[in-house]
Every structure is written in C-alpha cells, then in structure tokens.
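Taken together, the values in this text are just the output of simple stated rules run on the coordinates, not laboratory data. Because the structure is predicted, anything quoted here is derived from the model rather than measured. Note that we place each Cβ from the backbone using ideal geometry, even for glycine, and neighbour counts take in every protein chain shown.
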Amino acid sequence: MDLNKLRETAAGIVSRDDVKYLIGWRRGTFGYRAAPYFVEDAAGVEELIFSPLCISNLAAYLTLVEKLPVPRGQEPDQRKVALLVKGCDSRAVNQLLVEKGIKRDQLVVVGLPCPGMVDWKLLAEKYPETEAPVEISWKGDDFLLLYNGQEIVVPRAEALAEKCRLCRHPNPLISDVTVGEPVQPWAPAEDSGVAEVEAKSTPERWAYWEEQFSKCIRCYSCRNACPLCYCEDCILDRLDPTWVNRAVNFSENTAFHLARAFHLAGRCIECGECERVCPAGIPLGKLNRKLAHTVREEYGFEPGLDPEAEPFQASYKPEDPEEFIL
Amino acid sequence: MSAMLLHKDKWSEFTGRLSGKNLWAPSLQGGIKKFAPVGEGDAVQLDAENTAVPPKALLFPQTETLFRFSEGQEDLEFPGLDEPVILLGVRPCDARAMAIVEKLFRWDYEDPYYLKRRELTTLIGLACNEPGLNCFCPSVGGGPASTEGLDILMVDLGESYLLEGLTGKGKALLEECKDLLEEAGADALQQKEQLVQEAASKIRRSVDPEGIPEALPGLWEDPLWQRVSAACLGCGICTYLCPTCYCFDIQDELEGAVGRRCRMWDSCMFEEYTKHTSGHNPRPTRRERTRNRINHKYSYFVDKFGVIACVGCGRCSNLCPVNIDLIDILRQVKAAP
C-alpha cells in the first residue's frame, strides 16, 4: 500500500471547498488499535494510514453524525463528506444509497482494495499488546509486524479476521477514486460459525442463544457501530410506549437482538462490526450472516453490490420461495 | 489477628468453606469475565487479568427491583436485602471505586439499597502482581496493593497467599478460617513488599492528574473535545464497564395489574440521557457528552467529594472499539493552552 499516494489523494480531496472532512484511520494510541480519524485539512493527511489494523467500517459515521439545529439566518453546511472504504465498507455505502439513507452527491468515496485485515485478538495471543503502537503491514499474503523493534512475519492464516476469511468482495464496489491496484479475490472459507449453529437442534440452538443473549449488557455498541442501523428514532430508545424494557434480562435482550437481526435481513453487508465491538463476546456475526446466507441462497440477493438495486425487503419476484411461510 | 498465610494446598478447602457463605469470584462466562457465584465444589482460579464487568455490578446491579406494586393495593412489596455476600479476588482498583461511589450514595440522600448491599458485602481483594496494559492506578491515588475499600487483602506469594485482615468484618472471617491459616513471618511480609514494588514498576502507562481538575473548567470550549470525541460511537461501553460510573434511570414495568419499579444503569454517553421532554437536549452531540464524562470524573466529583472519580483500571481504554483512550484524553487536557 502506497501511503504517500493515499495521503496525496486525501490532501487533494480535503482541500476542496465542497468537502467538509475525510474519514479515514490513523495509528491508535497503543497496541494494535487503529482509530477512526476525521481529516479536516491537508496538513492532517500526514497521520492517515491504511494497514491490516484498519478493520473498522467507517461508513457508520455517515449516519452517526449529529447535526445541531441551524441558527436562524444561517445556511446548513451542505459540503460533502469523503470516506475511505474497503470492499466490505463499500457495500455499506451502496446499501445506504439504495435506502436513500445518504445522498450520492454528498459523498466522495475513496476506494481501497483490501488484501485482508487482522483480528488483533488473534495476534495478541502470541504477541501481547504493547504500550507503543505496533506497526503492521502486508507482506505478500502474510502480515509483517514491527514488534518491540523486531520484524516478525505472521502467516496469514494465523491472524486473518474471520470476516476476511469469508470475504467475497475485497475490492470496493463503489468509489470516486481508487488508491492501489485491485486485489485478486481469494476463495472464501466455508462459514463454519454459521454451520456450527445450523447443526444444532432447535432446543440446542435456543439454549445457545439464551447463553449468548444473557451476557448482553445492552451498551448498544453493536447498534451504533452498524452502518445500517441508523433509524433516527430507535425502537430501543422509546419510552412511550416502551417497546423494549431497559431492564437487562434474557427476555428483553432477546427482543433487542432479534429485532435488530430481522431488520438487517437482506441489508446486512457482513462487515462484522457488531461482533467486533461487542464487549461481551456475543457472536452476532453468526446471527446476521445466517440471515444473509438465507437471503443469498433462497432469493439470490446480495445487498450492497449495486447502488441502484431494488431494496430486498421491498421487492418481489413470482419465483420467490415461500415454503417456510407458516 | 495480623497477617496470615494460606498455603495453596488449602486453597480449595478455603474457597469451599466460603462457598457456603454466598461466595462470588471472577469467572469466564462464555467469553466475558465477570463475578459469578461459586457453588460447592467449584474451583476458583484467580489469574492476572481483571474482569471486564466490574464487581460494582453486585452492589449496584444493572437492573434492580426497588419495589413491586399491584393495582388497588397500597402496600408496596420491598425486596429483602439480608443475605451477606463475599466477593473474592476483587482488584484494589475496583475496591477503591466502591469506596469512591459510596460517597455519592451517602451524600444528600442515603441510598438504602446501595448502602445495605455494601454493608452485607465482604471484599477480599487480590493485589495485582501483573498489571494490565492500560492500568494506571498509581496516577490517580491507588496502587497494585491498595487496601481502600477492602476487608481483606490477599497477595499471591507463589506457594501461598498472604492474607491481611483490614476491617472487623475481614478479621472475623479470617478468625473463622484460622485452622487453615498460619501466622505470616517477617520474610512473607518482606516478599509482599517486594512483589508490590515490582508490580508498581511494571505499570506502563501513567498521567499526572496534577492541575487537571483546575484546568478543565477553562477548557469548556476547547477544540480538544471535538477532536477526542469525533470517532465516538455513542455506546455505553466506557460508562457501563467503569467501576466508578453510577448513573441510573428509574422506570416502571407493568404487566397487567402488577408491576415493579426498577432502576437500571444509564449512561451519559447516550443521546437521551439529557434529553428534555420538550425535545431540547443540552448535550446535543457526542462532543458535549464526552466532555461531561471527563469533567464529571476529573472535575465535578473532585469539587464535591475531594477525590477523582477514576481509579485507573484502564477498562474504558481497553474496551473502546474505536480507541477513545482516557489516558490520551487526559494528556491532551494537560497539553491544552
């Protein structure tokens, strides 16, 4: 990855009068963390990075931004937002465009072909996090760590994030400008996580999810990190009526997670952020990918591939299967 | 009874005996470490890493029934809080946090629920021999073997645990177990001092809070708040898992003619936390909410109670999914003009 090229491109974009800021990543403050980074001027691009630690999906920030009321006599800020996207992230942008959650003319999309990200928790098993940030880059198919002053090659299979093992779209599917050469897609691994749950009987599955949902502390990090969970008025925050009680127990937690999963069916672009951010280790990816698999296999639909697509839940084909409808 | 030694041969007998007294200890529960009840015969293993969910959850449960009510009945049904609890393996930071939070619950109104639970709880602490990456307890007045808030302090000496009874409750408990313990000699105490010093020297991160409480009011409109909060997702991780965060909401739950009033953790990082009925929100964005989180811990609480409401456990820095790092924020506060 040519960082100079990325920084040069970014500098050109943030210098434009019609661009408010560019959202990318910078080195984190310790260990294996990369931090989302808002670049407002050309000087800020020096801190931009793109490394195997840039796993987060920045598309969430397109809808997370909180707008203050515009004072009387002033015009709202209509400048564009620029965003760095990997393949998976670009699918979130497409899906947001399909849903008219964002406007195309308010976006500048910088595509970054992605060779795959690391799951730092896998790395930390062998190489614990250090106070100084660890530099990581791609070296052929593998990862190169600069760890305590030593260069260490970590084989791809040892540290590749689960979502990247399953990835079918490493190259951005939408972009105004692309930095870097397209990568050769790799054969996606079989989704053993979903297969493992599918192999369970119904009572076993119920027991499995009961254990998982019981751990939830309802911090809503999964909802907030999800680029496609962006209702302005979330059912979970409603008090009148209270659709989901704030009480934390298996029943309310399940209502929360199932409501989210249902609403993501045919919309989830499998970026894995929900599972990555969960402090309780709930395997939300299995739940959402199961629905994504069903939508793909039964309806031949994959969200986020085409910004002009008809939304899955609002479309109908006469040959759509319906055997499972009770 | 002064300092005692518990040989590790007798560890399971010790925990077995306590398990009959409503004992809770750190346990990995499907991928998340928290305090869980220890049944008879359950093994208790204390390792280096602290729990993700702080033991505050036992004194201040995430969801707590205050009382139950039913239609047409004037009498309210209050929960009986009378069962003593023993928490084993509490880290000094988390025990200090309880001492700090107690100041709030004893302040203008004495909170009967928190204080009753506190009274019923015996805290057996475990000094940290191996501090975590983001531990910075000495910076904020604690230390790897701080005793504040604890009833008993345990130090892992390798072959045995050194146990020091610190309060009447703690000493009484050791007295009950004295057939398993032996008097600690000067060498054990010396070994403890050495381990504590070594542990303190292994703490990698620090920030000197000197001047922060005084500086914060003047930094109200500083651009640093925008900078440090830009990436914030607005989730509840940093507050829910903070041992000194105590904000709660109170709601009624009704099912038909019966219901309960309960209180549950709330978070100042949530948008609706300060939202008025009118729709106005005095903390309209994550910038104001982040500023409040830091000000509350490092300024308002200091003004009111004379102590920083942060024990340097490092959870917020460790667990934030977007690397919003408290230590980094504090350094930026210190560096601000």
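Under 5 Å between amide hydrogens, built in the peptide plane, is the criterion, and for B:Thr121 it picks out B:Val85 among residues at least 5 positions away or on other chains.
Remark: segment B:212-335 projects, on average over all directions, an area of 9.3 nm² (convex hull of Cα atoms). For segment A:109-168, just say rounded, prolate or oblate: build the C-alpha gyration tensor, square-root its eigenvalues into a ≥ b ≥ c, call rounded for a/c under 1.5, and beyond that prolate if a/b exceeds b/c, oblate if not. Here segment A:109-168 falls in the prolate category.
Over all distinct Cα pairs, what is the inverse of the mean 1/r for the protein assembly as shown, reported as the Kirkwood hydrodynamic radius in Å?
Value: 27.0 Å, from the Cα pair sum.
Per residue, the average separation of C-alpha pairs within less than 8 Å and at least 6 apart gives chain A a relative contact order of 18 percent. Taking the Cα of A:Arg238, stepping 7 Å toward and past its beta carbon, and measuring to each backbone N in segment A:95-122: which are under 11 Å? Label zone hits: none.
Across the options A:Leu239, A:Gly24, A:Thr9, the greatest Cα extent toward the positive end of the charge dipole of the protein assembly as shown (unit charges at beta carbon of Lys, Arg, Asp, Glu) belongs to A:Thr9.
Taking the Cα centre of segment B:237-319 as reference, the dipole from Cβ charges on Lys and Arg (+1) and Asp and Glu (-1) amounts to some 400 debye. Using a cutoff of 8 angstrom between alpha carbon atoms and counting only pairs six or more residues apart, the relative contact order for segment A:1-185 works out to 24 percent.
The slack in the chain from B:Asp9 to B:Glu77, taken as 0.36 nm per residue of separation less the alpha-carbon distance, amounts to 19.9 nm.
Assuming a ≥ b ≥ c are the square roots of the Cα gyration tensor eigenvalues, decide whether segment B:86-191 counts as rounded (a/c under 1.5), prolate (otherwise, with a/b larger than b/c) or oblate. Can you show the working numbers first?
Working: a/c = 2.70, a/b = 1.34, b/c = 2.02.
Here segment B:86-191 falls in the oblate category.
Taking the DSSP beta bridges with both ends in segment A:1-185, the antiparallel portion is around 65 percent. P(r) for chain B, from all Cα pairs and a bin width of 10 Å, is 5, 23, 31, 24, 13, 4, 0 %, short bins first. Listed by chain and number, the lysines placed with their C-alpha closer than 25 angstrom to that of B:Lys56 are A:Lys215, B:Lys21, B:Lys33, B:Lys34, B:Lys103, B:Lys116, B:Lys169, B:Lys171, B:Lys297, B:Lys304; residues fewer than eight positions away on the same chain are left out.
Fully extended, how many nm does the chain gain between A:Ala265 and A:Arg16 (0.36 nm per residue separation, minus their Cα-Cα distance)?
In short, 85.9 nm is gained.
Just so you know, the Rg over Rh for segment B:4-202 is 1.00, from Cα atoms, with Rh as the Kirkwood radius.
Evaluated at q = 0.11, 0.15 Å⁻¹, a Debye calculation over the C-alpha positions of chain A (equal weights, vacuum) places log10 I(q)/I(0) at -0.77, -1.39. Per residue, the convex hull spanned by the alpha carbons of segment B:26-114 comes to 144 Å³. The mean of 1/r over all distinct Cα pairs in segment B:125-260, once inverted, gives the Kirkwood hydrodynamic radius of 19.4 Å.
Across chain B, Cα pairs under 8 Å and at least six residues apart give a relative contact order of 21 percent.
If you average 1/r over all unlike Cα pairs in segment A:190-326 and invert the result, what Kirkwood radius do you get in angstrom? Walk me through the intermediate numbers first.
Numbers: mean 1/r = 0.0616 Å⁻¹.
The answer is 16.2 Å.
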